[in-house]
1. Looking at A:A202 and the list (1) more than 9 Å from chain B (Cβ to nearest Cβ); (2) among the aliphatic types (A, V, I, L, M); (3) surrounded by fewer than 21 Cβ atoms within 10 Å (Cβ to Cβ), which single condition is not satisfied?
2. Go through the range A:246-256 and give me each residue that's within 7 Å of chain B (Cβ to nearest Cβ) and crowded, with 18+ Cβ neighbours inside 10 Å.
3. May I ask you to list the residues in the range B:284-305 that are over 32 Å from the mean Cα position of the chain (by Cα) and either away from every other protein chain (no Cβ under 12 Å) or assigned to a helix (DSSP H, G or I) (or both)?
4. Which is within 21 Å of B:I193 (Cβ to Cβ) and among the small types (G, A, S), of B:G226, B:G263, B:G259, B:G268?
5. In the list A:A138, A:A167, which residue meets the criterion of being small (G, A, S), farther than 20 Å from A:Q195 by Cα and touching a strand residue (DSSP E or B) at 6+ places or on another chain (Cβ under 9 Å)?
6. Which count do you get for residues in the range A:268-302 that are in a loop (DSSP other than H, G, I, E, B), touching a helix residue (DSSP H, G or I) at 6+ places or on another chain (Cβ under 7 Å) and crowded, with 21+ Cβ neighbours inside 10 Å?
7. Go through the range A:71-91 residue by residue and tally those that are surrounded by fewer than 11 Cβ atoms within 10 Å (Cβ to Cβ) and either at pLDDT 90 or above or part of a helix (DSSP H, G or I) (or both).
8. Among the residues in the range A:101-115, are any part of a helix (DSSP H, G or I), within 30 Å of B:K109 (Cα to Cα) and small (G, A, S)?
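The values are calculated or read from the model by the stated rules, or taken from the named source; none is laboratory data. Keep in mind it's a predicted model, so treat the numbers as computed, not measured. When we count neighbours, we look across all protein chains shown, and the Cβ atoms used for this are built from the backbone with ideal geometry, even at glycine.
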Amino acid sequence: MILRNIAIRHGRRALAAPLPTSQLRSLSTETTTLPQQTDLLPPTFSNQSTLENSAESGPKQLRITQRLGQAKPYHRAKKDPQIKRDFQLKKTIERTTGKLGALVEPHYEPSQLLVDPPTPQDVTLELLMASQSHLGHATSQWNPANSRYIYGVRQGVHIISLEETAAHLRRAAKVVEGVAYHGGLILFVGTRKGQSACVVRAAEMAGGCHLFERWLPGTITNGDQILRRCRMKAIDQHDKELQGYDDKIENWQALKPDLVVNLNPIENYLLLHECSLNNIPTIGVIDTDANPTWVTYPIPANDDSLRCMQVIAGVLGRAGEAGQKRRLAAAESGEVTWLPPPNLGAPVSEAEKIKRNELKKEAILKKRKADHEAIEQSKVTAAQRELGDFDDF
Amino acid sequence: MKIAWLPAGVVEGVRCACLPRKMPLRPLIGQQTFFPGRRQLSTTPVRSASASITAASPISFVGGDKKNSGDATYKDATDEIFYARLVPYSPSYFTAQPYFIDDVLEVEKLAQKYAALPVVKRADAPRIAWITLMEYRDIVGERVNASKYKKVLHVLQRLNQIHPTVMPWDVKKKLKQYTRNINPYKNVPKPGIVDEGGRAIGVGKRKSSTARAWLIEGNGEVMINGKTLSEAFGRIHDRESVIWGLKATDRLDKYNVWGLVEGGGTTGQAEALTLAVAKALIAHEPALKPALRRAGCVTRDPRKVERKKPGHVKARKMPAWVKR
């Protein structure tokens, strides 16, 4: 479709304006005949009109073509080696002279709680206070069941007693460590925005599982359906993977966590309910508006502060890490701190599997043969009976 | 084939046939085979010979002090027990889409690790055709949310912007994993050629008309089917249409046009010639393409006569409504 009016209004101006580089790039500018530099007239006003309007002048001498002829060809993602050299130089300077200068006082670095989380021994009231774990909700939103954890009211906001927080956090850390020591499966859940990093880190340290998106209702109560495609593996007391359990795993029911750590119990009531149906203990961060009876081991703290969540998840993750370490050390010295699940048994080797299959095949063949014989026999007897009937006549 | 959308009963079989990755194939609960000993199915308790009352095994005093230390430890010496337990293959087990979540975490980890590397502008980064959501669903075998996959692609785009001279190999590997096998951006139209005689041909279509136009440097003569422009087209509007590409770029007196056009009516023929002339002009001067596009000479008008439908008088016209 020809847009005549638009071209009349804007065409000239658009042609007269210098083309932006982004357009020049898309043209690839490979004109088959490049303008001859000798043919070009200096771009004065008088020359301009002669160039554009005279019939004698070739099209390659026009202003627009000249400009395009001068444009540099574009290369995608120029491989300029200078960038690499500069970057390496920067790294060298940082490495050599980066630590020079005044001593930096201890200060809060946001990423530090993820890189090097505090251990249960590092939990102090100062740390908890600094991470704002004492701030509760407005007094009107409180759940009276939390009154035992509340220190007081300040400016209409409940203040959580940090002594209670520290005590409960240490107790929860003990629980996590114990479960990890006995080879339990720990699930860390934090489904609020921004909690994913600390949840994943804690699960990584404690050797457990993480969940930072919506809890799919029924993952525990209907796990056989929901987790049908999720793979599992068999490991020994040294956490080495074992072969020969494929058949068992195929028919094994979905795994259930042995401990669930939840950073936002208010949004995850269904998860906690499923846990209680399956007798799975839970640890939860209880703010002043949450119900502490939803979880087995509450930790009264401010669940709206990401920094507080990082501290709590970090401490619990560290506790899990210590438990795992202790378990592996015990396994090294010959003690196994857990019992295998009933009916799992020893692995089946390939040769044994083939042997079993052969036995099964043989049994089937034998049965088929027996059936066949029985049918033949019945036919024979039926025929005899018929003959007998004839004899009666 | 979009395996993930097939009916649930078919999915597993097809996927096992298609995928190189080993998939756990567990029967549905309804079809689950009986697994003796796993669950007590009969309600009446069965007392087997082994379950009858037996004396406790003699107490071993070998590791006695350890057993009394409070920790419930089980000695390795009880050698009937084979120590094995089942654990999730991936820490994302309880998300129900472990492959996808692991992928997301891996990509995010890379982005975080190489956040400080120098980058190029987004437009300067090499253009990559990412695998589509459907292809990705087939690869991971999970129902991946479109918006979540978009977020992954966003992070990958950021990784792709790392300057090519400092691009780490693991990022390259990851990007390759998400790149389509076929690169559609390599598929560019061939540029027109100007032959030895200085002629360039362009082909254009509009409605039912087809036009070929040869463009040669000259002084503005136009011949259509052996006739001059005014003989070929009676309407001034049509005459203007034929040479619109040249007029919009101030090239009227710089080229001669020799055109052949057939089929359709006058408007169709004229506008088919517009396209043909514009294409031939681009062959001479590729730099004029944006100007010609703005003038509306580059795009093929796809509109055609709409077909007549049954029950209609014409394409859309309905018969008049009659009372009974």
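1. Every condition holds for A:A202 apart from (3).
2. A:W252, A:L255
3. Those that are over 32 Å from the mean Cα position of the chain (by Cα) and either away from every other protein chain (no Cβ under 12 Å) or assigned to a helix (DSSP H, G or I) (or both): B:H284, B:V305.
4. The unique qualifying residue is B:G259.
5. The unique qualifying residue is A:A138.
6. Matching residues across the range A:268-302 total 5.
7. Residues that pass the stated criteria total 3.
8. For the range A:101-115, residues part of a helix (DSSP H, G or I), within 30 Å of B:K109 (Cα to Cα) and small (G, A, S): absent.
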